[in-house]
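Report on the following structure.
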Amino acid sequence: MRTSYQYRLNPTKEQVEKIDKTLDMLRHQYNYQLAQRFHWYEQNRSPIDRCSILVCHLPELKDKPNRFSQQASLIQLKKDRPWYTSIHSQVLQEVPKKVELAFDRWLKGDVNGKKSGKPRFKGKGQYKTFTFPQFKRHHFVNNIITLSKIGDIKVIVHRQIPDGFDIKTVSVTRKADGYYITLSLDDKTVPTIKPDFNANNIVGIDVGLIDFIVTSDDERIAAPKFLRKAERKLKSAQRRVSRRKKGSNRRKKAIKKLGIQHKKVADTRKDFHFKTANNLLKKYDVVAVEKLNIKGLARTRLAKSINDAGWGQFISILSSKAENAGLKVIAVNPNGTSQECSNCGHKVKKPLSQRTHNCPICHTSLCRDLNAAINIKNRGTHGLKAQSMSS
């Protein structure tokens, strides 16, 4: 089982300077290696199918930069720029991995074929995380963690690491309110499926903007609308930033306060998602959800409300916690869940403003969201049976 724990760091002023300096040097290297890839792309994308070889000059093709060639160049980098020796070699080698991941997602897409936007160069303060890909457990004792080239840093340990878990990687992140470490933990002895797993203990959930979720058992959780509630404070903090002179210390302080306000909203939303996911997984062994195109929905006029709800983050947290607990989350086709009658299957077309489902065939009358949740549960049950038969 793989999981991650995040703790807050309490570094000294010298350690803060080292972390910030490390992040800035890594940012420069990230931008340089990304520029190398863009240069290769521009030099090697001549449209030869539309250009006469006799007339046009075709430049000599260059080798494509890859993670390993860029990692090999780091040896010469440390000779030309000795100050890079203050960064642990494995931390520096993680930069080409990030560059390759961002570049390939732009050209090829991820494992599902979905492409990301063109990667951007990182401005000052925009490179916020570096990772130690290998870490030994004895370097984290009590509330002190030893990071190579940085030193011993105090950690606020709000929960202990469970017995049997090994620390695989350690990431240091700078946030608006301070510095954090994220430990990636692994324990291969934990079973993937709970011994008393009951496939019949299933629930369907329909996510929405009025009620955050409605379950097939007609339980409702109202949408908390954290961003909407904090809009006045955020607007005030943003106005302070706009009124400060660019480059001044007062502007920097105002930007930091604005970042803290945004982080508070994000943290409160995330805490709500974790608690909601925990409550669902305590009651049910299988949770059926809709496989929504959230990016597409976020381009509509309801974008602010959809981003405020954070459906994508919630489903990701729910799936991760279910996997760690030996339970299941099954995604179903969302087409027609609101229009289809959960009792007889007849399609009853209705606008979004109509919140009640009334079937003219079987005369079923119930809440639109509850009807959708029952349909999601039925599709999840069918999908679970299909998975068990195929396996």
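The values are calculated or read from the model by the stated rules, or taken from the named source; none is laboratory data. Model, not experiment: these values are computed from the prediction. As a convention, Cβ positions derive from the backbone with ideal geometry for all residues, glycine included, and neighbour counts pool all protein chains shown. Heavy atoms of the whole protein, side chains included, go into the accessibility calculation; ligands, DNA and RNA do not. Shrake-Rupley method; radii C 1.70, N 1.55, O 1.52, S 1.80 Å.
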| message | Let me check against my output: what whole-number percent is the relative contact order of the chain, with C-alpha pairs under 8 Å and at least 6 apart? | response | 16
| said: Placing +1 on the Cβ of each Lys and Arg and -1 on the Cβ of each Asp and Glu in region 114-163, which of F132, F121, I153 has its Cα farthest towards the positive end of the resulting dipole? | reply: F121
| request: Note down the relative contact order for region 96-161 as a percent, whole number, built from C-alpha pairs under 8 angstrom at least six residues apart. | output: 15
| query | So which residue, out of P351, P224, P334, gets the largest mean-square fluctuation from a GNM of the chain using Cα contacts under 10 Å as springs? | reply | P351
| field | Relative contact order (percent, whole number), region 71-203, Cα cutoff 8 Å, 6+ residue spacing | value | 17
| task | Rounded to the nearest Å, what's the spacing between the alpha carbon centres of region 152-167 and region 273-315? Just the number, please. | result | 30
| field | Solvent-accessible surface (1.4 angstrom probe) belonging to Y32, in square angstrom, nearest 10 | value | 130
| request: Could you order E290, E42, E323 so the one with the most accessible surface comes first? Probe is 1.4 Å. | output: E323, E42, E290
| message | If each DSSP helix of 4+ residues adds -39,500 (n - 2.57) and the sum is divided by the residues in the chain, what number results at 222 nm, nearest 500 deg cm²/dmol? | response | -14000 deg cm²/dmol
| If you take the charge dipole of the chain about its Cα centre, with +1 on Lys and Arg Cβ and -1 on Asp and Glu Cβ, which of P65, I213, F38 is farthest toward its positive end? | F38
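Just to confirm the filter: which trypsin sites (Lys or Arg not before Pro) across region 347-391 are DSSP coil and have at most 14 other Cβ within 10 angstrom of their Cβ?
Within region 347-391, the qualifying trypsin sites (Lys or Arg not before Pro) (loop, at most 14 other Cβ atoms within 10 Å) are K349, R355.
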| Residue order for W83, W40 - accessible surface, 1.4 angstrom probe, largest first | W83, W40
| query | What residue among R244, R269, R220 shows peak mean-square fluctuation when the chain is described by a Gaussian network model with Cα springs under 10 Å? | reply | R244
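Placing unit charges on C-beta atoms (Lys and Arg positive, Asp and Glu negative, everything else neutral), compute the dipole magnitude of region 270-357 about its Cα centre in debye, rounded to 20.
300
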| request: Give the percent of DSSP beta bridges with both residues in the chain that are antiparallel, rounded to the nearest 5. | output: 85
| said: With a 1.4 Å probe and all protein chains left in place, how much accessible area per residue does the chain have, in Å²? | reply: 62
| message | Students sometimes get this wrong: rank L352, L318 by accessible area, probe 1.4 Å, all chains present, largest first. | response | L352, L318
| Given a cut-off of 28 Å, what percent of all Cα-Cα pairs of the chain lie beyond it? | 62
| field | Shape call, region 213-307: gyration tensor on alpha carbons, a/c limit 1.5 | value | prolate
| field | Cα centre as origin, Lys/Arg/Asp/Glu Cβ charges: region 101-205 dipole, Debye | value | 780
| note | Expressed as a percent, the accessible surface of the chain that is carbon or sulfur, using a 1.4 Å probe and the full set of protein chains, is 51
| task | Using R₀ = 56 Å, calculate the FRET efficiency as 1/(1 + (r/R₀)^6) where r is the Cβ-Cβ separation of Q339 and H139; round to 0.05. | result | 0.45
| query | I19: accessible area at probe 1.4 Å, nearest 10 Å²? | reply | 0
| query | To the nearest 20 debye, what charge dipole does the chain have about its Cα centre, counting +1 at the Cβ of each Lys and Arg and -1 at the Cβ of each Asp and Glu? | reply | 2480
| query | In nm, to one decimal, how far is the modelled label at K97 from the one at K252, with both set 7 Å along Cα→Cβ? | reply | 3.2
| field | R81-D163 pseudo-label distance in nm [points 7 Å out on the Cα-to-Cβ vector] | value | 4.8
| remark: GNM on the chain, Cα springs under 10 Å; top mean-square fluctuation among Q313, Q36, Q76 goes to Q76
